[in-house]
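Before any comments, here is the structure.
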Amino acid sequence: MSSEKVMVFDTTLRDGEQAAGSRLGVREKLEVARQLARLGVDVLEAGFPISSPKDFEAVELIAKEIQGPIICGLSRAVIADIDACGKALAKAKRSRIHTGLGVSDIHIAGKFADDKYGKTLGEKKVKAIEMAITAVKHARQYTDDVEFYTEDSGRAEPGYLYEVLEAVIDAGATVLNIPDTTGYAIPYEFGKLIKQIGKKVPNIDKATISVHCHDDLGMAVANSLAGVRNGARQVECTINGIGERAGNAAMEEVVMAIRTRQDFFDVDTNINAVEFCRTSRMVSDLLGFIVPPNKAVVGGNAFAHSSGIHVDGVLKKRETYEIMKPEDVGAQKTKVVLTARTGRHGLRHRLEEMGYSLSAEELDHVYESFLVVADKKKEVFDEDLAALIGDEVRMVNEAYHLEYMSVTSGTGTLPTGAVKIRTEDGQTLQAAACGDGPVDAAYEAIRQATGQSPKLDHYSIRSITGGTEAMGEATVRIENEAGRVFIGRGVSTDIIEASAKAYIDAINRMAAAQGDNTPLENPKL
Ligand code: KIV
Ligand code: ZN
């Protein structure tokens with residue numbers, strides 16, 4: 001095993017969470033951060049503090065609570081952003097400020113279009129270097145650990161990129177993030193760029209090169225690995241590869257490629273890979289991003305053999321068709337089944353094995369829901385538990401709570417729904433309505449009772465485990481008047497109830513965000 005390490009920089013809670021439509025609450029972020037610490041990530045990018053009060057709060061909480069990884073916050077090369085990062089990270093044992101700006105001509109011309117940055121592209125490029133230096137020096141007042149990103153490096157003019165890198169190292173940057181922001185690079189070319197940075201930037205020995213690749217052409221992992229092969233010693237990635245557009249490099253794939261092919265890479269990481277499946281499932285459950293069954297390393301079928309020849313071969317000698325052991329990435333061979341007789345203690349134990357650490361009060365809530373499900377289903381699988389726990393830690397301030405719902409539908413009848421909803425301040429709201437189907441009728445009743453009519457963008461339902469008594473998980477996406485998107489989820493063995501819960505969850509998120517509209521100076525990167 002190689003002793004030289006590649007640092008793993010996790011950005012699930014920042015770039016991953018930027019993925020369209022997915023938003024985590026502060027409590028959910030803390031739970032994911034705890035699991036990432038167990039997984040052994042070296043750096044945990046907890047958020048973009050200036051972007052919203054909630055992001056600030058999440059970074060601050062994670063910095064205070066999470067031990068182990070360096071806790072990092074993102075900022076643009078803007079003083080107010082860096083100050084927000086510095087403040088949010090103040091309680092971290094080890095903190096990092098990640099600052100930077102765009103370096104490709106397209107980014108500079110577009111983002112620095114205003115004449116205050118210079119009249120010509122050349123002047124704007126000089127100004128960008130000045131801004132980069134100022135930002136790094138300012139960040140160094142908060143921490144010695146400053147990472148600089150040169151956004152859109154994959155399309156930048158290499159000579160200019162080297163110039164920026166040299167300047168920010170001189171200003172005090174200790175890590176250089178070379179992002180292929182648009183997923184434009186090809187592994188051969190990206191590897192060459194990293195190698196050239198190692199040769200052409202004169203003070204490069206004072207910094208670590210990091211790679212940050214996006215998957216627009218499906219090459220984020222390949223590009224990251226090409227970077228490692230050519231001298232990068234930090235990889236930025238997300239669990240399940242979630243992230244902007246097509247996503248970021250998937251951590252589980254990068255790490256397992258490096259580990260499985262040490263003969264080629266001759267480096268290793270500090271990652272505790274047995275935590276991969278657990279982490280993947282937690283992120284998928286809380287963000288509502290379903291992991292495809294054929295996903296490398298963590299997909300449900302990643303270690304399933306079905307054709308006769310393969311099954312026969314694996315049974316005779318595992319290595320015939322398997323290059324990794326399922327147990328090395330925490331893939332379970334047997335699914336654990338709990339029943340109503342399992343008891344609170346057994347339930348807590350299983351939840352801890354799944355990576356969740358709940359307070360006594362949270363456990364009480366989950367136990368109550370668990371008994372309801374166990375009564376209906378007889379056997380409760382890990383997937384069911386994950387859905388229940390998701391409901392619990394996802395819980396936002398409940399502006400509206402569904403107390404009662406009744407829906408009638410059938411051949412030849414007009415689907416009708418009636419709901420009774422309790423508000424945060426104890427009022428009871430009731431309404432009954434007809435609709436095109438049972439879900440539509442329930443949603444119309446909810447709209448009438450709450451007086452909230454967000455645009456419904458998307459509705460889906462999936463069965464969590466098999467069988468007719470399976471739990472159903474409904475996901476809805478709604479949009480408020482300002483075009484802001486909210487995702488809600490609900491689970492129940494009754495799919496109409498799951499659908500109603502999902503709708504109310506989304507409305508609660510929308511209501512919770514109403515106080516979160518602090519105007520910010522262009523918080524988009
Ligand atoms: O993709 C990108 O360029 C980024 C930077 C902000 C690091 O996410
Ligand atoms: Zn990115």
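The values are calculated or read from the model by the stated rules, or taken from the named source; none is laboratory data. This one's a predicted model, so the numbers in the text were calculated from it and none came from an experiment. Cβ coordinates were reconstructed from backbone atoms using ideal geometry, including for glycine residues, and neighbour counts include every protein chain displayed. Surface accessibility is based on the protein's heavy atoms, side chains included, excluding ligands, DNA and RNA. Shrake-Rupley method; radii C 1.70, N 1.55, O 1.52, S 1.80 Å.
Quick rundown of the values:
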{"read-out": "Residue tally, condition closer than 16 Å to Met471 by Cβ, open to solvent by 40 Å² or more (accessible area, probe 1.4 Å) and part of a helix (DSSP H, G or I), over the range 354-382", "value": "6"}
{"read-out": "Tally of residues being hydrophobic (A, V, I, L, M, F, W, C) and outside any helix (DSSP H, G or I) across the range 117-148", "value": "2"}
{"read-out": "Any hit, the range 3-14, residues being away from ligand 2 (no atom under 16 Å from the Cβ) and surrounded by 22 or more Cβ atoms within 10 Å (Cβ to Cβ)", "value": "yes"}
{"read-out": "Leu351 being assigned to a helix (DSSP H, G or I) and crowded, with 17+ Cβ neighbours inside 10 Å", "value": "yes"}
{"read-out": "Of all residues in the range 237-259 being within 11 Å of ligand 1 (Cβ to nearest atom), of a type outside the set (Gly, Ala, Ser) and in contact with a Ser or Thr (Cβ under 8 Å, 6 or more places away or on another chain), the one that is farthest from Lys5 (Cα to Cα)", "value": "Asn248"}
{"read-out": "Filter result (within 14 Å of Gln67 (Cβ to Cβ) and surrounded by fewer than 24 Cβ atoms within 10 Å (Cβ to Cβ)) within the range 15-34", "value": "Leu30, Arg34"}
{"read-out": "Any hit, the range 186-207, residues being in contact (Cβ under 8 Å) with a residue 60 or more places away in the chain and either open to solvent by less than 10 Å² (accessible area, probe 1.4 Å) or under 25 Å from the mean Cα position of the chain (by Cα) (or both)", "value": "no"}
{"read-out": "Complete set of residues in the range 165-185 that are among the hydrophobic types (A, V, I, L, M, F, W, C) and within 14 Å of ligand 1 (Cβ to nearest atom)", "value": "Val168, Ala173, Val175, Leu176, Ile178, Ala185"}
{"read-out": "For Arg155: the one exception among (1) of a type outside the set (Gly, Ala, Ser); (2) within 16 Å of ligand 1 (Cβ to nearest atom); (3) crowded, with 24+ Cβ neighbours inside 10 Å", "value": "(3)"}
{"read-out": "Enumeration of residues in the range 391-414 that are touching a Ser or Thr at 6+ places or on another chain (Cβ under 9 Å) and either part of a strand (DSSP E or B) or at pLDDT 90 or above (or both)", "value": "Tyr400, His401, Glu403, Ser406, Val407, Thr408, Leu414"}
{"read-out": "Failed condition for Val267, given (1) farther than 16 Å from Val6 by Cβ; (2) touching a residue at least 60 places away in the same chain (Cβ under 8 Å)", "value": "(1)"}
{"read-out": "For Arg462: the one exception among (1) modelled with pLDDT of 90 or more; (2) open to solvent by 70 Å² or more (accessible area, probe 1.4 Å)", "value": "(1)"}
{"read-out": "Enumeration of residues in the range 220-240 that are open to solvent by less than 10 Å² (accessible area, probe 1.4 Å) and part of a helix (DSSP H, G or I)", "value": "Ala220, Asn223, Ser224, Gly227, Val228, Ile239"}
{"read-out": "Residue that is farthest from ligand 2 (Cβ to nearest atom) [pool: residues in the range 244-263 that are surrounded by fewer than 24 Cβ atoms within 10 Å (Cβ to Cβ) and small (Gly, Ala, Ser)]", "value": "Ala257"}
{"read-out": "Residues satisfying the stated conditions in the range 414-430, i.e. over 27 Å from Gly25 (Cα atoms) and either open to solvent by less than 80 Å² (accessible area, probe 1.4 Å) or in contact (Cβ under 8 Å) with a residue 40 or more places away in the chain (or both)", "value": "Pro415, Thr416, Gly417, Ala418"}
{"read-out": "Residue tally, condition open to solvent by less than 80 Å² (accessible area, probe 1.4 Å) and either in contact (Cβ under 8 Å) with a residue 40 or more places away in the chain or assigned to a helix (DSSP H, G or I) (or both), over the range 100-116", "value": "10"}
